[in-house]
Each structure stands twice: as C-alpha cells, then as structure tokens.
Amino acid sequence: MISSPPSEPWCLFLDRDGVINRRVVGDYVRTLQQWEYLPGALHGLRLLSQWAPRIVIVTNQRGVGRGLMSQEDLDRIHARLLEDVAMVGARVDAIRVCPHRETDGCACRKPQPGLALSWLAVNREVNPGRSVMVGDSPSDMAMAENLAAVTGGCVRVLIDDRSDPGLTGVDTDLRFPTLLDYAKDVTT
C-alpha cells in the first residue's frame, strides 16, 4: 500500500517541460502536435498521485508573453494533459503558469517562488514548509530554494538523465534520471 508521509497535507510541485513532456530544444511546445510525454511520465504521475496529497504543475511559458503562441494554445495543451492524466488514473490538482518574459520583472517567473506561493495562499490547509519541487533545470532548483526561504522548507529533486552537462554542479537534495524513477523510489 502506497501512502504519503504522515502529518498535515503538503504539495508536490512539478515542472512541466523536461519532467513530464519532452522539451522542444530552442523553441516551445506550441501545439498539441509538438506535445510528447517523456517515457514513463504518466505512470510516474499515477504513482505520485497515490503518494502526494497535492500535485501542482508550475511552469514558465514565456512563448505566450513573446507572442509565439496564444493563451488558447497553451490552454488546449493543458486540457489534453489533464485528460491524459485522468485517463491513466492519475491526478494533477492545479497548473500554475507564468506567461511573462524574463524582462517583465514578475514575481511568478521561476526562479522566483510566486507560482507556488500563489497556490499555497489559497490552499492554507497545506503545510508549505513540507513542499517538494521536482524540476530539470537550475531555475527549478533555485525556485525551490527561494520557496524554502519563505516557507521554511522545500525538498529539491532534480530530474537529470546526465545528457545536460550544465546540470553537473547544480545543488540539489535528490537526483533521478526520470520522473518515473523518482516516483518508484518514493512509493516503494
């Protein structure tokens, strides 16, 4: 039987591109035709759904802010994601998106913790200090550190298949090659 750690509810924050779906190198996932799940990602989400009390995707999508895709395009992609997640018996409680460009100076663009903090602000039953952030970039790990500075804690989990030399020196708590590997580790 898979169970979440004891005590009050907490949240598993997940990055999207490079964790759940394949990243489009040098571009953005703009259409459903470009959307491709990473191997085992949906199975990993199903396992994590049985373990984590809350699951929230937090994703920068500056392609919207740059006018390269519309909010409607992004909404279609996320609607399909949620349909697929439900179809395999998994769950995602929310998707939080920063559509802004780096130069916009917003508080929601990772590595700032605004996406997580805005969700936590309306879900006060969740203990923010027990958060977990799973991502595939230095920005995701920095967001986890920034969230921890505000909330008192956040475990940093890096998805690192060893193909990106830029991740070699990234400070993190845990590393796994895929979301499925992480899910199997925490649920067995």
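General remarks:
- Spin-label model, LYS184/GLU36: points 7 Å from Cα along the beta carbon direction are separated by 2.2 nm.
- With contributions of -39500 (n - 2.57) from each DSSP H run of at least four residues, the per-residue ellipticity at 222 nm computed over the chain stands at -10000 deg cm²/dmol.
- GLN50-GLU72 FRET efficiency (beta carbon distance; Förster radius 41 Å; 0.05 resolution): 0.80
- Relative contact order (percent, whole number), the range 119-166, Cα cutoff 8 Å, 6+ residue spacing: 38
- Computed from the C-beta positions of LEU82 and ARG162, the FRET efficiency with R₀ = 22 Å rounds to 0.10.
- Prolate/oblate/rounded call for the range 55-143, Cα gyration tensor, a/c under 1.5 rounded: oblate
- GNM flexibility winner over the chain from LEU82, LEU47, LEU68 (Cα, springs under 10 Å): LEU68
- Selection among ILE95, HIS43, LEU117 by position relative to the dipole of the range 34-179 gives LEU117 as farthest towards the positive end (Cβ unit charges, Cα centre).
- A dipole drawn for the chain from +1 and -1 charges on Cβ atoms has a positive end, and of VAL150, VAL186, VAL64 the residue lying farthest that way is VAL64.
- Between the range 73-124 and the range 164-188, the alpha-carbon centres lie 21 Å apart.
- Cα gyration tensor shape for the chain, rounded if a/c is under 1.5, else prolate or oblate: rounded
- Size of electric dipole in the chain: Cβ of Lys, Arg +1 and of Asp, Glu -1, about Cα centre, debye, nearest 20: 220
No lab work stands behind these numbers, since they all come straight from the coordinates. These numbers come from a predicted model, not from an experiment. Backbone-built Cβ (ideal geometry, glycine too); neighbour counts: all protein chains shown.
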